[in-house]
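Take a look at the structure set out below.
Every read-out reported here was derived from the displayed coordinates using simple, explicitly stated rules and does not represent laboratory data. Bear in mind that the values here come from a model prediction, so they are computed numbers and not experimental data. In this analysis, Cβ positions are derived from the backbone assuming ideal geometry, glycine residues included, and neighbour counts consider all displayed protein chains.
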Amino acid sequence: MRVIGGTARGTNLRAVPGNTTRPILDRVKKPLFDILRPRIANTVFLDLFAGSGGVGIEALSEGASFCTFNDLESAAVATIKTNLKNTHFESKAEVYNIDAFQYLKKAKKNYDIIYIAPPQYKGIWLEVLKTLAERPQLLNDGGLVIAQIDPKEYEELSSSTLFEFDQRKYGKTLLVFYKGNN
């Protein structure tokens, strides 16, 4: 696992010990950031269910101004902090060790891009989207929400504040893109 672009390109990232997280593969991360690159400069990014922090760190490397990382697992939080230190992005980040739903209900920040990659096959991604739809103020004007799921999990979201506008499938990974109605 490594940073594939930007200022920290080539830096190796540590994986979370054990098998409780599923790091994003380079064959998914590269096209994701090819899509995001034109709009990522100076954005505020949320990496929810962050695991090793690979997506948020890639965002910082590609020009995001700040990233909030959140994961419930202590081992993931420790790994994120190590990876931030190794990439020299500690000053551009904050790391939380809290349940994602609690974080979203209490969050005071507004984000330009929210990336969610929760545990699979539990419907959590859809519940997170519903929670975000109830708190549209978390997403800045023109902001994006991206869900990383298994294609078998996909369901349409019925919301008046989040609208699906794109999907990209890479093997057993589906990226679903939403924009806010604000």
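Each residue in region 45-78 was checked for being farther than 14 Å from residue 90 by Cβ and part of a helix (DSSP H, G or I), and 7 of them qualify. The residue that is surrounded by the most Cβ atoms within 10 Å (Cβ to Cβ), among those in region 7-53 that are out of contact with any helix residue (DSSP H, G or I) (no Cβ under 7 Å at 6 or more places or on another chain) and of a type in the set (Ser, Thr, Tyr), is 43.
Residue count for region 138-165 satisfying the condition of being acidic (Asp, Glu), free of Cβ contacts under 8 Å to residues at least 40 places away in the same chain and either surrounded by 12 or more Cβ atoms within 10 Å (Cβ to Cβ) or outside any loop (DSSP other than H, G, I, E, B) (or both): 3.
For region 62-111, what are the residues that are aromatic (Phe, Trp, Tyr), within 14 Å of the chain's Cα centre (by Cα) and within 24 Å of residue 35 (Cα to Cα)? If the condition is that a residue be aromatic (Phe, Trp, Tyr), within 14 Å of the chain's Cα centre (by Cα) and within 24 Å of residue 35 (Cα to Cα), then 66, 69, 111 are the ones that fit. When restricted to residues that are touching a residue at least 40 places away in the same chain (Cβ under 8 Å) and more than 17 Å from residue 17 (Cα to Cα), region 57-85 contains 9. The condition of being of a type outside the set (A, V, I, L, M, F, W, C) and in contact with a Leu (Cβ under 7 Å, 6 or more places away or on another chain) holds for only one of 120, 148, 137, that being 148.
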